[in-house]
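The structure appears right after this line, and notes come after that.
The values are calculated or read from the model by the stated rules, or taken from the named source; none is laboratory data. Keep in mind that what you see is a predicted model, and the values were worked out from it rather than measured. All Cβ positions, even for glycine, are placed from backbone atoms using ideal geometry, and neighbour counts span all protein chains on display. The accessibility values were calculated without ligands, DNA or RNA, using every heavy atom of the protein model including side chains. Shrake-Rupley method; radii C 1.70, N 1.55, O 1.52, S 1.80 Å.
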Amino acid sequence: MLNKKWLTMMLLVVLSLVLTACGTGDKETSGADAEGKFAKLLVGTEATFAPFESMNDKGEIVGIDVDIMNAIGEEMGSEIEFRNVGWEPVFQQLKNGELDLGASGITITDERKQTFDFTEPYYEATLMIVVKEDSPITTLDELKDEKISVQINTTGHEAAKKLQGMTSSKTLAYENQPIAFQEVINGATAAAIGDNAVVLEYLKNNPESGLKAIESDQFEKEYYGFMVKKGNTELLNHLNEGLQKIKENGKLEEITGQKID
Ligand code: ARG
């Protein structure tokens, strides 16, 4: 039989384990040192999102977001370490303090701004529709009663929900964007919605996919920013300063092929 003393001891053991776990989670990220310099920044991403972040043959995370963050790190004297944690974990781990920032083609939205802070924008994007080459669909409205695949909790997901209703079973949300495209190829969905540069990169890299992209002026302009935990003003200023520098010296435009103020 369990006696009281034994139970109390077990509780204490569990409690101390939990506390230790929380503690180490925090220590990983750098914070500002005495001079306010961030020696090392842990960056969370979801690396199936070429050209912004993907895994190369050597298992390294590469892409526009990596190049931009490295350029900022160089300007600001911060070592940059990317971690491919997955899309939703980027948000969760930032909240928990396990990451310093998220760099993952993340669109600055009012909803996200309630929980996170964003740098100044570094890229302008918009959504696009992907259908089979022989599909008769030409507009977003024609998708109202069709199955649409998206990456979960992205702006593409929001757009599908706006069209089909918040809880429609026609909107199918997946872990990452390539699966959403694959579902169109498989015929499981009539269309996918995704970010323009990522759609075009996918079509370029998969010429046999049998897919085509459709523009729609119903999609608004979106702006990508780097995301930090809400209230982390010191890091935000650090990142914005670096971003401003690479905007001014032309490095950002060189990386993205796009001019942005
Ligand atoms: N820009 C879109 C959003 O913020 C999609 C970003 C998805 N990023 C990724 N690495 N999978 O919702």
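The residue among Thr139, Thr189, Gly250 whose Cα reaches farthest toward the positive pole of the charge dipole of the chain, with charges on the beta-carbon of Lys, Arg, Asp and Glu, is Thr189. The residues Asp261, Asp117, sorted by heavy-atom accessible surface at 1.4 Å with ligands and nucleic acids left out, run Asp261, Asp117 from largest to smallest.
About its Cα centre, the dipole of the chain is roughly 1160 debye, where the only charges are +1 on Lys and Arg Cβ and -1 on Asp and Glu Cβ.
Shape analysis of the chain yields a ratio of the Cα radius of gyration to the Kirkwood radius, Rg/Rh, of 1.06. Once the Cα atoms are used to define both axes, helix 4-27 deviates from the longest principal axis of the chain by about 60 degrees. Here the Karplus relation 6.51 cos²θ - 1.76 cosθ + 1.60, evaluated at θ = phi - 60°, turns the backbone of segment 106-115 into coupling constants of 7, 6, 6, 10, 4, 5, 5, 5, 6, 10 Hz, with x for every Gly and Pro.
In this structure Glu222 has an accessible area near 20 Å², from a 1.4 Å probe over the protein heavy atoms. For Ile80, the residues whose amide H sits under 5 Å from its own are Leu41, ignoring neighbours fewer than 5 places away on the same chain, with H placed 1.01 Å from N. Given in Å, the Rg to one decimal and the Dmax to the nearest whole number for the Cα atoms of segment 133-261 are 17.6, 52. Over segment 31-116, what is the percentage of antiparallel beta bridges among all DSSP beta bridges, to the nearest 5? DSSP beta bridges in segment 31-116 are roughly 35 percent antiparallel.
Helix 177-186 and the longest principal axis of the Cα set of the chain meet at an angle near 40°. In this structure the amide hydrogen of Ala125, modeled in the peptide plane, comes within under 5 Å of the amide hydrogens of Glu222, Tyr223, Tyr224, none closer than 5 places in sequence on its chain.
Mind scanning Lys132/Lys204; Lys95/Lys230; Lys162/Lys221; Lys161/Lys230 and naming the pairs with a C-alpha gap bigger than 19 Å?
Working: Lys132/Lys204 15 Å; Lys95/Lys230 8 Å; Lys162/Lys221 16 Å; Lys161/Lys230 26 Å.
Exceeds cut-off: Lys161/Lys230.
Computed from Cα positions, the angle between helix 196-205 and the longest principal axis of the chain comes to roughly 70 degrees. Using the Karplus relation 6.51 cos²θ - 1.76 cosθ + 1.60 with θ = phi - 60°, the per-residue 3J(HN,Hα) values for segment 146-151 come to 9, 6, 10, 9, 9, 7 Hz, with x marking Gly and Pro. Calculated on C-alpha atoms, the gyration radius of segment 209-261 divided by its Kirkwood radius gives an Rg/Rh of 1.13. Once both labels are positioned 7 Å from their Cα atoms along Cα-to-Cβ, the gap between Glu75 and Asp57 label points is 3.4 nm.
Computed from backbone phi, the HN-Hα couplings of segment 70-87 come to 5, 5, 5, x, 5, 4, 9, x, 10, 6, 10, 10, 8, 10, 8, 9, x, 5 Hz, rounded to whole numbers (Karplus: 6.51 cos²θ - 1.76 cosθ + 1.60, θ = phi - 60°; Gly and Pro given as x). Tell me, how many Å apart are the Cα centres for segment 76-124 and for segment 127-147? Their Cα centres are 31 Å away from one another. Over all pairs of different C-alpha atoms in segment 102-199, the reciprocal of the mean inverse distance, the Kirkwood hydrodynamic radius, equals 14.0 Å.
Met128 contributes an accessible area of around 20 Å² to the protein surface, as traced by a 1.4 Å probe with all chains present. Taking one equal scatterer on every alpha-carbon of segment 174-250, how large is log10 of I(q)/I(0) by Debye at q = 0.14, 0.22, 0.27 1/Å? Results for segment 174-250 at q = 0.14, 0.22, 0.27 Å⁻¹ read -0.69, -0.99, -1.27. Along the Cα-to-Cβ line of Asn196, 7 Å from the Cα, sits a label point; which residues in segment 144-165 have backbone N less than 18 Å from it? Only 155-157, 159-160 fall inside the zone, counting backbone N under 18 Å. Rg and Dmax over the alpha-carbon atoms of segment 88-150 stand at 16.6, 47 Å.
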